[in-house]
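**Student:** Provided herewith is a single structure, encoded as structure tokens, for subsequent inquiry.
Just so you know, all these numbers are worked out from the coordinates, no wet-lab data involved. Everything numeric here is computed off the predicted structure, so don't read it as measured data. Neighbour counts are summed over all protein chains in view; Cβ atoms, including those assigned to glycine, are modelled from backbone coordinates with ideal geometry.
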Amino acid sequence: MNPMKFQPVLDEIVATLRPQIAQCGQGEHHGKVASYIPALARVDARQFGIALRTCEGEEAGAGDFETPFSIQSVSKLFTLTLAMQRMGDALWERIGREPSGNPFNSLVQLENEQGKPRNPFINAGAIAVADRLVSQAKASGPGADGGNGGNGAKDDILALMASLCGEPIAFDDEVAQSEADTGFRNVALANFMKSFGKIDNDVATVLDTYFHQCALRMSCRQLARAAAFLCRDGAHPIDGQPDVTGERQTRRINALMLTCGTYDAAGDVAFSIGLPCKSGVGGGIVAVVPDTLTLCVWSPALDATGNSLLGMKALELFVARTGLSVF
Ligand code: GLU
């Protein structure tokens, strides 16, 4: 597929949305940046970027596609990948695969379901995945902490992201600290799971891992590239080796993105866009067109469901313009 044909599509999307980008964050119908994490509340809402990477490795981007942002829950995609690589099907003993139908940070369901999170993309599920990664890092040897305070899982996450992008990726320590200072619900979720015996490690270490993964700073270009294994049956985005996830695992990650990747809007997103997506409260969304390309859109103002308002509009425009959808 000739990637050059996508550049005009991305340019057109930015041009179409330009008037709405200028209004983002201003008034009821123009979205709001996440304010419950103080460091995110300061982000300028009037930014918009879009980038893609094809299966053949060609890239295109428009708008603020080189601007790094806080990837937040988009990181759950990559920690899930790492845990699936390391643990295979054993991962599912602790985590389900059903949409939750509850807010992403809800405690209610956990009580009824004895501390087993519904899926790896709600906060409880991602915290449980972080716990598995901490255990795996400990098992693979002490001393591999690389300056991350004895927490080898954080190094493993950085190593995966750098390998997928082909360039160094860093945590935004200010955002991580901001979450640590205010993430009372996440502290509650982790302790709740611990009380059910579903978290093996020290809660503080698990949360430190989780807060840092959410605080990864990446651009649309980097995220489209990092997630590109999902559009090519798990083959590494850069060197093409079949070493990120196998075909079967990749299918499963895409299925989870479609059913659970966009908070309580997953049904609507499947209906109106028809692509596996994972969003985050930083305003980023990664979307996959299997066997074709991976897209990343970013615009910090969120709609009422917690997804990027213009990010979702951009994906709708992209699908309408190209006809690319899994359905
Ligand atoms: N770090 C955020 C939290 O734990 C992630 C939320 C999100 O992006 O969905 O609340």
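**Student:** Across the chain, how many lysine pairs, 8 or more apart or on two chains, come within less than 28 Å at their alpha-carbon atoms?
**Tutor:** Value for the chain: 26.
**Student:** Same structure again: If you take the square roots of the eigenvalues of the alpha-carbon gyration tensor of the chain and sort them as a ≥ b ≥ c, do you get rounded (a/c under 1.5), prolate (a/b over b/c) or oblate?
**Tutor:** On the way: a/c = 1.56, a/b = 1.32, b/c = 1.18.
In terms of gyration-tensor shape, prolate.
**Student:** Obtain the nm distance between the two label points defined at ASP181 and ALA15 by a simple spin-label model: each point lies 7 Å from its Cα along the Cα-to-C-beta direction.
**Tutor:** 4.4
**Student:** Could I ask something else about it? As an exercise, use a Förster radius of 35 Å and the Cβ-Cβ distance of ALA162 and ALA41 to find the FRET efficiency, rounded to the nearest 0.05.
**Tutor:** Working: r = 29 Å, r/R0 = 0.82.
It comes to 0.75.
**Student:** Points 7 angstrom from Cα along the Cβ direction at VAL108 and ASP239: gap in nanometres?
**Tutor:** Computed distance between label sites VAL108 and ASP239 equals 4.8 nm.
**Student:** Suppose every K and R has +1 on its Cβ and every D and E has -1 on its Cβ; what is the size of the dipole of region 160-250 about the Cα centre, in Debye to the nearest 20?
**Tutor:** Numbers: 8 positive and 13 negative charges, 71 e Å.
Charge dipole of region 160-250: 340 debye, to the nearest 20.
**Student:** Sort out the exposed loop GluC sites (Glu not before Pro) in the chain (DSSP loop, at most 13 other Cβ within 10 Å) and tell me the longest stretch that has none.
**Tutor:** Working: sites that count: GLU56, GLU66.
Segment 67-327 is the longest.
**Student:** Give, rounded to the nearest 20 debye, the magnitude of the charge dipole that the chain has about its Cα centre when Lys and Arg contribute +1 at Cβ and Asp and Glu contribute -1 at Cβ. Before the final figure, lay out each step's value.
**Tutor:** Numbers: 28 positive and 36 negative charges, 96 e Å.
Dipole size: approximately 460 debye.
**Student:** Any cysteines in the chain with zero other Cys Cβ atoms under 4.7 Å from their Cβ? List them, or say none.
**Tutor:** Flagged as lacking a Cys partner: CYS24, CYS55, CYS165, CYS214, CYS231, CYS260, CYS277.
**Student:** Taking a ≥ b ≥ c as the square roots of the eigenvalues of the Cα gyration tensor of region 206-304, is the shape rounded (a/c under 1.5), prolate (a/b larger than b/c) or oblate? The partial results should precede the final answer.
**Tutor:** Details: a/c = 1.60, a/b = 1.20, b/c = 1.33.
Oblate.
**Student:** Under Stokes-Einstein, with the Kirkwood radius over Cα pairs standing in for Rh, what whole-number D in µm²/s applies to region 1-71 at 25 °C and 0.890 mPa s? Walk me through the numbers before you get to the answer.
**Tutor:** Details: Rh = 13.7 Å.
Once the numbers are plugged in, D ends up at 179 µm²/s.
**Student:** Return the FRET efficiency for the residue pair GLU58, SER195: r is the Cβ-Cβ distance, R0 is 56 Å, and the value is rounded to the nearest 0.05. Numbers along the way, then the final one.
**Tutor:** On the way: r = 50 Å, r/R0 = 0.89.
Efficiency at R0 = 56 Å is approximately 0.65.
**Student:** Okay, next question. So if each residue of separation counts as 0.36 nm, and I subtract the Cα-Cα distance between SER140 and ASP202, what length gain in nm does that give?
**Tutor:** Numbers: separation 62, 0.36 × 62 = 22.32 nm, distance 1.75 nm.
Extra length from SER140 to ASP202 when fully extended: 20.6 nm.
**Student:** How big is the equivalent ellipsoid of region 85-241 along its three axes, where each semi-axis is √(5λ) from the Cα gyration tensor, reported in whole Å from largest to smallest?
**Tutor:** On the way: eigenvalues 128, 69, 52 Å².
Square roots of five times the eigenvalues give 25, 19, 16 Å.
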